[in-house]
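First comes the structure, then the notes that go with it.
The values are calculated or read from the model by the stated rules, or taken from the named source; none is laboratory data. It should be emphasised that the depicted structure is a prediction, and the values quoted were computed from it without experimental measurement. Every residue, glycine as well, gets a Cβ built from its backbone with ideal geometry; the counts of neighbours run over all protein chains shown.
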Amino acid sequence: MRFFKIKSYAKINFSLNVISKLSSKLHKIESLVSFVSLHDVVYLRLINSDNHKVEFKGKYAKGIGRKNTVIKLLQILDKKKLLNQKKFEIKIIKNIPQKSGLGGGSMNAASIINFFLKKKIINLNKKKLIKFTKLIGSDVILGIDPKNTILSSNGKLTKYNKKIGFNALIVKPSFGCSTKLIYSKIRFFSKPKYNNPKKSLLIKNNIVNSSNDLEKIAFHKYSKLKSLKLFLLKLPNIVFARMTGSGSSIVAYFQSKKATVIASRVFKRKFKNYWCIVSKTI
């Protein structure tokens, strides 16, 4: 059987507010979430085998072990007998760096779930789908039907077709951030702002004036990140810059692709060993 090709888009957080700590050691958060054109490529096909086959390739495949979101997804699907004993071969070309705050692994799992739902390989209603994705990872639900999303602190997801229209220069230093470590350092919490989600929250002025509560912690732990953001803010024609997720990627936002490309050249001259890519919100 031929391979199906799926694009697994990177997730970005325009904002991230930490509201409280839950008894499960997780945290209650709210966020304005979007997606960018940067993506991993997933190849998937049904195979005649007793076992699934999963392979990661590409520049950012190194270091991905057996404990990853895709294998975890398949194990849970098998355990719950949702695949009716079907087995799949999955090859993933990794273009999204690990430990970058771009949700690469979670979005890989989400894109496969989207495919299985579309092809009616699995059948889950909305309530069961939310519960199911939590078994894999807290971010996975964001990639189910990837659109601009308002995540409220009560766990509600409100999705919009509205296009934001930012061009983005995504940069990452030579190190990653540990999500577990960053969240363990949280001592202060924000008041909820998105419990009554409105489309107006996704207008550019509101996005620019938002923030990421994890920045301060990450910048204290990794001083190079703070210096990196200060450099980005000095780039010509920049609208704003903000860390995404728990880092270590920082996204600089521009109105035009031309300004973004020029900024990338300036950035590469200064930070030769750092990763960067020109992208845009989708």
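Counting just the residues of the stretch 118-159 that are part of a loop (DSSP other than H, G, I, E, B) and hydrophobic (A, V, I, L, M, F, W, C), which one comes out nearest to the chain's Cα centre (by Cα)?
Ile144
Could we say that Leu225 is more than 16 Å from Ile170 (Cα to Cα), within 19 Å of the chain's Cα centre (by Cα), hydrophobic (A, V, I, L, M, F, W, C) and not assigned by TED's automatic domain parsing to the domain that holds Glu30 here?
No, not satisfied.
Tell me yes or no: at least one residue of the stretch 17-33 is surrounded by 15 or more Cβ atoms within 10 Å (Cβ to Cβ), under 11 Å from the mean Cα position of the chain (by Cα) and part of a strand (DSSP E or B).
yes
Go through the stretch 47-76 residue by residue and tally those that are surrounded by 11 or more Cβ atoms within 10 Å (Cβ to Cβ), assigned to a loop (DSSP other than H, G, I, E, B) and basic (Lys, Arg).
1
Just a yes or no: is a residue in the stretch 44-61 touching a helix residue (DSSP H, G or I) at 6+ places or on another chain (Cβ under 8 Å) and modelled with pLDDT under 95?
Scanning the stretch 44-61, I find no residue that is touching a helix residue (DSSP H, G or I) at 6+ places or on another chain (Cβ under 8 Å) and modelled with pLDDT under 95, so the answer is no.
Within the stretch 1-16, track down each residue that is surrounded by 23 or more Cβ atoms within 10 Å (Cβ to Cβ) and not hydroxyl-bearing (Ser, Thr, Tyr).
Answer for the stretch 1-16, where residues must be surrounded by 23 or more Cβ atoms within 10 Å (Cβ to Cβ) and not hydroxyl-bearing (Ser, Thr, Tyr): Ala10, Lys11, Ile12, Asn13, Phe14, Leu16.
Given the structure, is Asp40 surrounded by 15 or more Cβ atoms within 10 Å (Cβ to Cβ) and of a type in the set (Asp, Glu)?
Answer is yes for this residue.
From the list Leu169, Leu142, which residue is among the aliphatic types (A, V, I, L, M), touching a Ser or Thr at 6+ places or on another chain (Cβ under 9 Å) and farther than 16 Å from Leu16 by Cα?
Leu169
Of all residues being in a loop (DSSP other than H, G, I, E, B) and without any contact (Cβ under 8 Å) to a residue 24 or more places away in the chain in the stretch 231-279, which is surrounded by the fewest Cβ atoms within 10 Å (Cβ to Cβ)? Just the residue, please. Steps first, please.
Start the filter on the stretch 231-279 by keeping residues that are in a loop (DSSP other than H, G, I, E, B), which leaves 233-237, 244-249, 255-256, 271-274.
Imposing the further condition that a residue be without any contact (Cβ under 8 Å) to a residue 24 or more places away in the chain reduces the set to 233-234, 272.
Details: Leu233: 12, Lys234: 9, Lys272: 7.
The residue in question is Lys272.
Give Ser210, Ser200, Ser190 a once-over and let me know the one that is loosely packed, with under 15 Cβ neighbours inside 10 Å and either out of contact with any Cys (no Cβ under 8 Å at 6 or more places or on another chain) or part of a helix (DSSP H, G or I) (or both).
Residue meeting the stated conditions: Ser200.
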